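Trainee: Before I ask anything, let me first share the structure, which is written out below as structure tokens.
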Amino acid sequence: MKSILILHAQVADGTGAPLRKLNVRITGDRITAIAADLKPQPGEQIIDAKGLVLAPGFIDIHNHSTDGLESDPLAESQISQGITTIVLGADGDSPWPIAPYLAARRANPPSLNIAMMAGHATIREQIMGKDFRRVATQDEITKMTQLAEQAMNEGAIGLSSGLEYDVASYSSTDEVVAEAKVAAAHGGFYMTHIRDEGDKSFSALDEEIAIGERAHIPIEHSHIKLGTVSVWHKAPEYIRTIEAARKRGIDFLADCYPYDAWHSNIKVIMPDKQYENPASVEKALSDNGGAQNITITEFKPNHSYENHNIAELAATNHITPVEMYIRIIREGDAANTEAEVIGKSMIEPDIKAFYQQPWVMVASDGGIASEHPRGAGTFPRVLGVYVREKHWLTLPEAVRKMTSLPAQRIGWKDRGVIREGAIADLTLFNPKTVLDRSTFAKPLELSIGIEKVIVNGQLVWDSTHATGSRPGRVLELTHNP
Ligand SMILES: [Zn+2]
């Protein structure tokens, strides 16, 4: 069987242990030997990793490449970050049914591994159709649990929700608990974009913890953040609430992207959904620090709005920012679409406090062709900025947050770690140069410093380019490699 020997690497094994200089042999799709004194065998491929760090391949537990993979199975913007596995179906939104999607990926594999969440909002829409602006009946909830059962049987690894978004925002806690119980019975976890990430962050957190407690299910809190002026600087309090839940036995982990701005649709800043009520809009804009903090990135009915913030658009149109917001809402509704926006709404001390918690992992909330720089830059940015420049994290701890911690959430024991017998998903990077290059203006710029990426024993990324190999697999909870 074909083997590869990686020589002289500084190994960050994914557990958080200090770097160790070791040689690592890969045979087929497995790591078969790790030692300081491995000698090359005849015909073996050699990779000289002098000066480089060898880590387990990064696992991105919140990735929006579901559509992107269909047209871009090489996923260069992902593997160039050192990512070897992406989890799709976040925020309550998944393909439906999921089986044909997974079958298509098996038939036409991508360069990296994928896994799929069952989307709560997706399931809700199957049962309620367009009549979703209300609490579901008991009968409807029963039907939803049957679809959750179907998704788990088809290979979903858990249930995701996006309770802040339109379809799911009308759901009761009971409805979510009922579906989460199904995922729990299959050994899955509950991943959630909670009901509010602004003024009501704390009550939304309480609901999330209650769901975990009532459904007896491990929690993955998506893109942890405190997103409005009234909760800025409250990370210590938020963390205390989570720590208290963890002490009570709730299996609570979270992920965080390394940016102080979010990307979503324009309606998400209005938790009361009074999109055309000037007083509500006024409050929403000030909660986000002002209209200058909300920038339109995509608006199909009027492309001239793109790359301008609401304050600029208001000035250009000689109206108030509140009137401008309402105009964009109306033009979007008339065209049955919504503006995509970037909101600058988080502060660095809160991001730092979250990143320094041992239960917070790295995830992108991005993906192929993302309009947010996190789609192409998240993992190198953490290594380059939070580790090398700011010293918020040690390198082994940052690697742990990208590898064994997400693997632990999912329950995978043979990925996310470098040890003999584990699957050879590996990332080799230069700790002195690794860095993101993507920006809000140029979100697709590829990162630098990720030298080689190996997926299931095959080289998929080599310094500056994808090799063309597509060894990615569909991974399940008890996957059979
Ligand atoms: Zn989200």
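The values are calculated or read from the model by the stated rules, or taken from the named source; none is laboratory data. Treat the numbers as computed from the prediction; the structure is a model and nothing was measured. Glycine also receives a Cβ, built like all others from the backbone with ideal geometry; neighbour counts cover every protein chain displayed. Surface accessibility is based on the protein's heavy atoms, side chains included, excluding ligands, DNA and RNA. Shrake-Rupley method; radii C 1.70, N 1.55, O 1.52, S 1.80 Å.
Trainee: For HIS186, enumerate residues with amide H under 5 Å from its amide H, sequence gap 5+ or separate chain, H modeled in the peptide plane.
Mentor: Hits under the 5 Å cutoff: none.
Trainee: Under a 1.4 Å probe, what is the accessible area of the chain per residue, stated in Å²?
Mentor: On the way: 18060 Å² over 481 residues.
That works out to 38 Å² per residue.
Trainee: Same structure again: Kindly count the pairs of lysines across the stretch 111-234 whose alpha carbons are less than 14 Å apart, treating pairs on different chains or eight or more residues apart as eligible.
Mentor: Summing the qualifying lysine pairs gives 4.
Trainee: Compute the Rg to Rh ratio over the stretch 344-387 from the alpha carbon atoms, using the Kirkwood formula for Rh, and round to two decimal places. Provide the component values of the computation, followed by the final result.
Mentor: Working: Rg = 11.2 Å, Rh = 11.5 Å.
Here Rg/Rh amounts to 0.97.
Trainee: Ignoring everything but the protein chains, give the 1.4 Å probe accessible area of LEU38 in square angstrom, nearest 10.
Mentor: Only protein atoms counted, so the area is about 30 Å².
Trainee: Please report the antiparallel percentage of the DSSP beta bridges confined to the chain, to the nearest 5.
Mentor: The antiparallel fraction comes to roughly 55 percent.
Trainee: Between ARG133 and THR439, what is the FRET efficiency for a Förster distance of 60 Å, r being their Cβ-Cβ separation, to the nearest 0.05?
Mentor: Numbers: r = 38 Å, r/R0 = 0.63.
E(calc), rounded to 0.05, equals 0.95.
Trainee: Hey, another quick one. Can you find, among VAL474, VAL268, GLY416, the residue sitting farthest towards the positive end of the charge dipole of the chain, where Lys and Arg contribute +1 and Asp and Glu -1 at Cβ?
Mentor: Sorting the options by dipole projection puts first GLY416.
Trainee: Next up: In Å, what Rg and Dmax follow from the Cα atoms of the stretch 193-285?
Mentor: Cα only, the stretch 193-285: 14.4, 44 Å (Rg, Dmax).
Trainee: Amide H neighbours of SER3 under 5 Å, counting only residues 5+ apart in sequence or on other chains, H built in-plane at 1.01 Å?
Mentor: GLN45
Trainee: Here's something else I'd like to know. Rounded to the nearest 500, what is the chain's calculated 222 nm mean residue ellipticity when only DSSP H runs of at least 4 contribute -39500 (n - 2.57) each, over all residues?
Mentor: Values: 16 runs with 150 residues, N = 481.
Result for the chain, helices only: -9000 deg cm²/dmol.
Trainee: Next question. Pull up all non-local amide H partners of TRP461: gap of 5 or more, or a different chain, and H-to-H distance under 5 Å with H placed in the peptide plane.
Mentor: The list, which skips near neighbours in sequence, is VAL453, THR467.
Trainee: When the chain is fully extended, how far beyond the present Cα-Cα distance does GLU397 get from ARG240, taking 0.36 nm per residue of separation?
Mentor: That works out to 54.4 nm of additional length.
Trainee: If you line up the long axis of helix 173-185 against the longest principal axis of the chain, both from Cα atoms, how many degrees apart are they, to the nearest 10?
Mentor: 20
Trainee: Relative to the longest principal axis of the chain, what angle (0 to 90°, nearest 10) does the C-alpha long axis of helix 201-215 take?
Mentor: On a 0 to 90 degree scale, this one is about 60.
Trainee: If we restrict to alpha carbons, what Rg and Dmax does the stretch 1-139 come to, in Å?
Mentor: 20.8, 68
Trainee: Here's a follow-up. Taking every pair of alpha-carbon atoms in the stretch 313-404, what share in percent sits in each 10 Å bin, from 0 to the bin with the longest distance?
Mentor: It works out to 13, 33, 23, 18, 12, 0, in whole percents.
Trainee: If you don't mind, another one. What per residue convex hull volume, in Å³, do the alpha-carbon atoms of the chain yield?
Mentor: Given the Cα convex hull of the chain, per-residue volume reads 133 Å³.
Trainee: In the P(r) worked out for the stretch 122-225, what percent of Cα pairs fall beyond 20 Å?
Mentor: Percentage above 20 Å: 33.
Trainee: List the equivalent ellipsoid semi-axes of the stretch 302-348 in whole Å, largest first, each obtained as the square root of 5λ for an eigenvalue λ of the Cα gyration tensor.
Mentor: Three semi-axes, in Å: 19, 15, 10.
Trainee: Also: Roughly how tilted is helix 235-247, in degrees to the nearest 10 and between 0 and 90, from the longest Cα axis of the chain?
Mentor: Long axis of 235-247 versus the principal axis of the chain: about 70 degrees.
Trainee: Full-extension gain between SER230 and LYS300, please, as 0.36 nm times their residue separation minus the C-alpha to C-alpha distance.
Mentor: 22.0 nm
Trainee: In whole Å, what three semi-axes, largest first, describe the equivalent ellipsoid of the stretch 272-343 built from its Cα gyration tensor (square root of 5 times each eigenvalue)?
Mentor: 17, 14, 11
Trainee: What per residue convex hull volume, in Å³, do the alpha-carbon atoms of the stretch 351-481 yield?
Mentor: 121
Trainee: Moving on. Hey, could you pull the Cα Rg and Dmax for the stretch 1-69, both in Å?
Mentor: Both quantities, over Cα of the stretch 1-69: 14.5, 45 Å.
Trainee: Evaluated at 4 °C with a viscosity of 1.567 mPa s, what Stokes-Einstein diffusion coefficient in µm²/s does the stretch 41-117 have when Rh comes from the Kirkwood expression over alpha-carbon pairs?
Mentor: 92
Trainee: How many percent of the alpha carbon pairs in the stretch 89-169 exceed a separation of 23 Å?
Mentor: On the way: 690 of 3240 pairs.
I get 21 percent for the Cα pairs in the stretch 89-169 exceeding 23 Å.
Trainee: Right, here's the next one. Give me the three principal axis extents of the stretch 212-342 from the C-alpha atoms, as integers in angstrom, largest value leading.
Mentor: 55, 29, 28
Trainee: Leaving ligands, DNA and RNA out of it, work out the accessible area of GLU276 with a 1.4 Å probe and give it in Å² to the nearest 10.
Mentor: About 80 Å², ignoring ligands and nucleic acids.
Trainee: Taking the Cα centre of each part, how many Å lie between the stretch 223-301 and the stretch 22-53?
Mentor: Cα centroid of the stretch 223-301 versus Cα centroid of the stretch 22-53: 45 Å apart.
Trainee: Report, largest value first, the span of the C-alpha coordinates of the stretch 382-445 along each principal axis, in whole Å.
Mentor: Result, largest extent first: 41, 25, 21 Å.
Trainee: Relative contact order for the chain using alpha-carbon pairs under 8 Å, separation at least 6, rounded to a whole percent?
Mentor: Numbers: 1166 pairs, mean separation 105.7, N = 481.
Relative contact order here is 22 percent.
Trainee: Using the Cα centre as the reference, give the magnitude of the dipole from point charges on the C-beta atoms of the chain (Lys, Arg: +1; Asp, Glu: -1; all else neutral), rounded to the nearest 20 debye. Working shown, then result.
Mentor: Values: 48 positive and 62 negative charges, 345 e Å.
Dipole of the chain, to the nearest 20 debye: 1660 debye.
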